[in-house]
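The values are calculated or read from the model by the stated rules, or taken from the named source; none is laboratory data. Computed from a predicted model, the values in this text were never measured in an experiment. Neighbour counts run over all protein chains shown; Cβ positions are idealised from the backbone, glycine included.
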Amino acid sequence: MNVSSRRMAGIGSAVLALALGFSSCAGEAAPRQAPLPGVESGARFELRLEPGSEYSKAMKIAWFSYTVWPQLAVWLESADGAFIDTLYVTELAVSGNYTAAPKKGRPEALPVWSATKKGSADAVSSPTTVGSAVSYGNGLAARLPAGEYVVKLETNRSYDWNAAYTKKNAGVNGQPSLIYEARLFVGAGSTEASFKPIGTGSVDGSDGLMRPSLDGIDTALSLFRAMTVAYRTD
């Protein structure tokens, strides 16, 4: 249930910097993971996330204690909405090895990305959404034709209940996944954009449609306090 496979210490103001100029792999193999101390030069995408007040939640079942963190996926689309590739995804969203999850897994975790990816390779992943860095050499970012692109981000954290999404009507998920969007121009120097919320996914994962409304959403908007994506050429 959105349980990180590794404990993360010192969340505080940790920032995730992802240089995502990668080459895609075919098939559904396990994603490559390459934590590095910095970011490489050359054309790349960088994702920066700062955890918010609702980023984590401590849980306890009988004598078993654990912490849940958001699951997250980021993907690139053309200006007219055509899917291009996945840029980043947390490992549990790929492996499905959630703690205490039902047999069907967690289809409600990232339903829009799961439906959108259409078999693309999940080439860049990390156990958590902050506190680490991964870097890949020139690849997708360097090959893109100049123009405007849309970067979509979907995130969700279990047990995020509120008055609208209760244990009774929303199960362990609570509030549904949130969909964010940022627009970047590629091919004319470095640019940066902030993500803006544009809708939600299915609360039970029954479909991959985005609902263009934030009605009933409150604490889910505080999973992160800052979310930006950049196209870098330096």
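General observations
- Within segment 189-213, the set of residues being free of Cβ contacts under 8 Å to residues at least 24 places away in the same chain and either within 19 Å of GLU50 (Cα to Cα) or of a type in the set (A, V, I, L, M) (or both) comprises LYS196, ILE198.
- Taken together, the residues in segment 157-183 that are closer than 25 Å to THR228 by Cβ and at pLDDT 95 or above amount to 9.
- Residues of segment 180-203 satisfying the condition of being closer than 13 Å to LEU221 by Cα and either in contact with a helix residue (DSSP H, G or I) (Cβ under 6 Å, 6 or more places away or on another chain) or among the small types (Gly, Ala, Ser) (or both): GLY199
- Flag for ARG157 being of a type in the set (Lys, Arg), in contact (Cβ under 8 Å) with a residue 60 or more places away in the chain and more than 24 Å from ASP85 (Cα to Cα): no
- Looking only at segment 190-212, residues that are surrounded by fewer than 14 Cβ atoms within 10 Å (Cβ to Cβ) and either touching a strand residue (DSSP E or B) at 6+ places or on another chain (Cβ under 6 Å) or closer than 19 Å to LEU47 by Cβ (or both) come to 5 in all.
- Residue satisfying all of: in segment 43-95; in contact with a strand residue (DSSP E or B) (Cβ under 6 Å, 6 or more places away or on another chain) and of a type in the set (Asp, Glu); modelled with the highest pLDDT among these: GLU77
- Residues of segment 137-172 classified as assigned to a strand (DSSP E or B), of a type outside the set (Lys, Arg) and within 23 Å of the chain's Cα centre (by Cα), total: 9
- Take the conditions (1) out of contact with any Ser or Thr (no Cβ under 7 Å at 6 or more places or on another chain); (2) modelled with pLDDT under 95; LYS152 misses just one of them, which is (2).
- Residue in segment 117-129 that is at pLDDT below 85, surrounded by fewer than 19 Cβ atoms within 10 Å (Cβ to Cβ) and touching a Lys or Arg at 6+ places or on another chain (Cβ under 7 Å) present: yes
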